[in-house]
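Colleague: First the structure, then my questions, so here it is.
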Amino acid sequence: MPAEIKRSDQLDPEVRALLEQADALQPPRIETMTVDEARRSRAISFKINGGVPVALGRVEELQIPSPRGEIPARIYANQSGGLRAGLIFFHGGGFVIGDLETHDALCRALAYESDAVVIAIDYRRAPENKFPAAVQDAHSATLWIALHAAQLGIDAGRLAIGGDSAGGGLATVTAMRCRDAGGPALAAQVLLYPVLDVSSFETGSYLEFAENYQLTRKAMQWFAAHYLASPEDGLNPEASPLLVNNLAALPPALVVTAEFDPLRDEGEQYAEHLQAAGVAVTAHRYPGMVHGFAAMLGVLEAGRRVAQQVGEYLRSITKA
């Protein structure tokens, strides 16, 4: 039997049950796995925890041309016809392990709740493609989607960008690139417990929740080591957007964090920096939650709630 693990009494009961199930199974730690092992392991857990995907009227595969080759993507919408708001979504997985399948249930739920056209982007992953490959793909896909918005059923004036975890970090950098290039204009950012600093792992939440709360500090260091060509790359603002000084004129943002997440503090610091720069921000910390909870909508009630919150936010900020 594994030794008893002490966790906060404030942990959500559903989350506690999931973590205790994992304790009993004693799975290998991600930092001890090969990349292929980690991808296979997490693909299974995403599938189980994502639950039964909601049925939608429109789900289509897409290949987005870019200077570095085609970028696979998937379109989700309640139905075809007409122009509606859009959400470009970048999946999480530490830039290493996620893909279109791991986040299929979440993207379906976001499309259903928002009535927007959600386009999930399968950017190049590390370590096969180091930083800045994912950033390049995120930006290229966004430019192409904005240019072809009407063909995709999207009102270009109501196009938002977002992602969870590593994908949230990609969304912030892409929004900055679009601002600095003079377009395309983005209506909003949806940032779910984003990865915003891979230069350091020393925030209060990193130290307090280094172990025993789903995502660990060592796991994030493992992801960063695969993502970056060198530790010095972590100081590049496009790898660590929390280090960016100028956040003015960025799109309004919904920033969601989890109470028991090593990434909590950097997400909340970023929300504060955006507000200080004059950006409209809706910041929401989900009590009792751990990293990745939005993609666990099949087993966590809070996962279903955050999909509803994103839907309400997008409808409110992208009104026709």
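The values are calculated or read from the model by the stated rules, or taken from the named source; none is laboratory data. What you see is a predicted model, and the numbers here were worked out from it, not measured in a lab. A quick note on method: Cβ atoms are made from the backbone with ideal geometry, for glycine too, and the neighbour counts reach across all protein chains shown.
Colleague: Assuming Leu242 fulfils every condition listed in (1) over 16 Å from the mean Cα position of the chain (by Cα); (2) more than 20 Å from Ile317 (Cβ to Cβ); (3) of a type outside the set (D, E, K, R); (4) surrounded by 21 or more Cβ atoms within 10 Å (Cβ to Cβ) apart from one, which condition is it?
Modeller: Result: Leu242 passes all but (1).
Colleague: Might you check whether a residue that is out of contact with any Asp or Glu (no Cβ under 9 Å at 6 or more places or on another chain), surrounded by fewer than 18 Cβ atoms within 10 Å (Cβ to Cβ), basic (Lys, Arg) and at pLDDT 95 or above occurs anywhere in segment 57-71?
Modeller: Yes, segment 57-71 contains at least one residue that is out of contact with any Asp or Glu (no Cβ under 9 Å at 6 or more places or on another chain), surrounded by fewer than 18 Cβ atoms within 10 Å (Cβ to Cβ), basic (Lys, Arg) and at pLDDT 95 or above.
Colleague: Find the residue count for segment 140-166, including only residues that are of a type outside the set (A, V, I, L, M) and part of a strand (DSSP E or B). Talk me through it step by step, then tell me what you get.
Modeller: Step one: list which residues in segment 140-166 are of a type outside the set (A, V, I, L, M), which gives 140, 142, 144, 148, 151, 153, 155, 157-158, 162-165.
After this cut, where a residue has to be part of a strand (DSSP E or B) as well, the list is 155, 157-158, 162-164.
Matching residues across segment 140-166 total 6.
Colleague: Looking at (1) buried (at least 24 other Cβ atoms within 10 Å of the Cβ); (2) closer than 23 Å to Ser316 by Cβ, which one does Ile121 not meet, given that it meets all the others?
Modeller: (2)
Colleague: Can we say Gln214 is crowded, with 17+ Cβ neighbours inside 10 Å and polar (S, T, N, Q)? First the steps, then the outcome.
Modeller: Values: crowded, with 17+ Cβ neighbours inside 10 Å: yes; polar (S, T, N, Q): yes.
So Gln214 passes the test.
Colleague: If I filter segment 253-260 for residues that are more than 17 Å from Tyr213 (Cβ to Cβ) and of a type in the set (Phe, Trp, Tyr), do I get at least one hit?
Modeller: If we filter segment 253-260 for residues that are more than 17 Å from Tyr213 (Cβ to Cβ), which is where we start, we get 253-255.
From what's left, of a type in the set (Phe, Trp, Tyr): none.
Checked against the condition, which is being more than 17 Å from Tyr213 (Cβ to Cβ) and of a type in the set (Phe, Trp, Tyr), segment 253-260 yields no hits at all.
Colleague: On to the next question. Looking at segment 175-186, is at least one residue in contact with a His (Cβ under 6 Å, 6 or more places away or on another chain) and of a type outside the set (Ser, Thr, Tyr)? Write out each step before concluding.
Modeller: We begin by selecting, within segment 175-186, every residue in contact with a His (Cβ under 6 Å, 6 or more places away or on another chain); these are 177.
If we keep only those that are of a type outside the set (Ser, Thr, Tyr) too, we end up with 177.
Looking through segment 175-186, at least one residue is in contact with a His (Cβ under 6 Å, 6 or more places away or on another chain) and of a type outside the set (Ser, Thr, Tyr).
Colleague: What is the one condition in (1) among the hydrophobic types (A, V, I, L, M, F, W, C); (2) touching a His at 6+ places or on another chain (Cβ under 9 Å); (3) under 29 Å from Leu147 (Cα atoms) that Phe209 does not satisfy?
Modeller: (3)
Colleague: Also, quick follow-up: In segment 270-303, what count of residues is obtained for those that are buried (at least 16 other Cβ atoms within 10 Å of the Cβ) and either part of a helix (DSSP H, G or I) or aromatic (Phe, Trp, Tyr) (or both)?
Modeller: Matching residues across segment 270-303 total 11.
Colleague: Kindly establish whether Arg108 is crowded, with 22+ Cβ neighbours inside 10 Å, among the basic types (Lys, Arg) and under 15 Å from the mean Cα position of the chain (by Cα). Explain how you work it out, then say what you get.
Modeller: Numbers: crowded, with 22+ Cβ neighbours inside 10 Å: yes; among the basic types (Lys, Arg): yes; under 15 Å from the mean Cα position of the chain (by Cα): yes.
Answer is yes for this residue.
Colleague: May I pose another question? What tally of residues in segment 206-241 results from selecting those that are in a helix (DSSP H, G or I) and either among the acidic types (Asp, Glu) or modelled with pLDDT under 95 (or both)? Walk me through it before giving the result.
Modeller: Applying the first criterion (in a helix (DSSP H, G or I)) to segment 206-241 yields 206-208, 217-227, 231-235, 241.
Among the residues that remain, those that are also either among the acidic types (Asp, Glu) or modelled with pLDDT under 95 (or both) are: 208, 232-233.
Qualifying residue count for the region: 3.
Colleague: Among the residues of segment 272-288, are any of a type in the set (S, T, N, Q), more than 25 Å from Ala133 (Cα to Cα) and without any contact (Cβ under 8 Å) to a residue 24 or more places away in the chain? Don't jump to the end; show me each part of the working.
Modeller: Pass one, segment 272-288, residues of a type in the set (S, T, N, Q): 275, 282.
Among the residues that remain, those that are also more than 25 Å from Ala133 (Cα to Cα) are: 275, 282.
Checking which are without any contact (Cβ under 8 Å) to a residue 24 or more places away in the chain leaves us with 275.
The answer is yes, given that some residue of segment 272-288 is of a type in the set (S, T, N, Q), more than 25 Å from Ala133 (Cα to Cα) and without any contact (Cβ under 8 Å) to a residue 24 or more places away in the chain.
Colleague: A further question follows. Quick test for you: out of Gly69, Gly57, Gly94, pick the one residue that is within 15 Å of the chain's Cα centre (by Cα) and not aliphatic (A, V, I, L, M).
Modeller: On the way: Gly69 fails: within 15 Å of the chain's Cα centre (by Cα); Gly57 fails: within 15 Å of the chain's Cα centre (by Cα).
Step by step, each of Gly69, Gly57, Gly94 is checked, and only Gly94 is within 15 Å of the chain's Cα centre (by Cα) and not aliphatic (A, V, I, L, M).
Colleague: Moving to a separate point now. Select from segment 8-43 the residues that are among the basic types (Lys, Arg) and modelled with pLDDT of 95 or more and write down the one among them that is surrounded by the most Cβ atoms within 10 Å (Cβ to Cβ). Give the derivation first.
Modeller: Of the residues in segment 8-43, the ones among the basic types (Lys, Arg) are 16, 29, 39-40, 42.
Still in the running and modelled with pLDDT of 95 or more: 16, 39-40.
Details: Arg16: 15, Arg39: 18, Arg40: 12.
Restricting to residues being among the basic types (Lys, Arg) and modelled with pLDDT of 95 or more, the top hit is Arg39.
Colleague: Additional query: Give the residues of segment 217-236 that are in contact (Cβ under 8 Å) with a residue 60 or more places away in the chain and more than 17 Å from the chain's Cα centre (by Cα), sorted by residue number.
Modeller: Residues satisfying the conditions are Lys218, Gln221, Trp222, His226, Leu228, Ala229, Asp233, Asn236.
Colleague: Moving on to the next point. Run down Asp36, Asp23, Asp9 and say which single residue is in a loop (DSSP other than H, G, I, E, B) and free of Cβ contacts under 8 Å to residues at least 60 places away in the same chain. Explain how you work it out, then say what you get.
Modeller: Numbers: Asp36 fails: in a loop (DSSP other than H, G, I, E, B); Asp23 fails: in a loop (DSSP other than H, G, I, E, B).
Just a single option satisfies the conditions, and that option is Asp9.
Colleague: Given the criteria in contact with a Ser or Thr (Cβ under 9 Å, 6 or more places away or on another chain) and either at pLDDT below 95 or in a loop (DSSP other than H, G, I, E, B) (or both), does Gly169 qualify? Step through it out loud before you land on a result.
Modeller: On the way: in contact with a Ser or Thr (Cβ under 9 Å, 6 or more places away or on another chain): yes; either at pLDDT below 95 or in a loop (DSSP other than H, G, I, E, B) (or both): no.
No.
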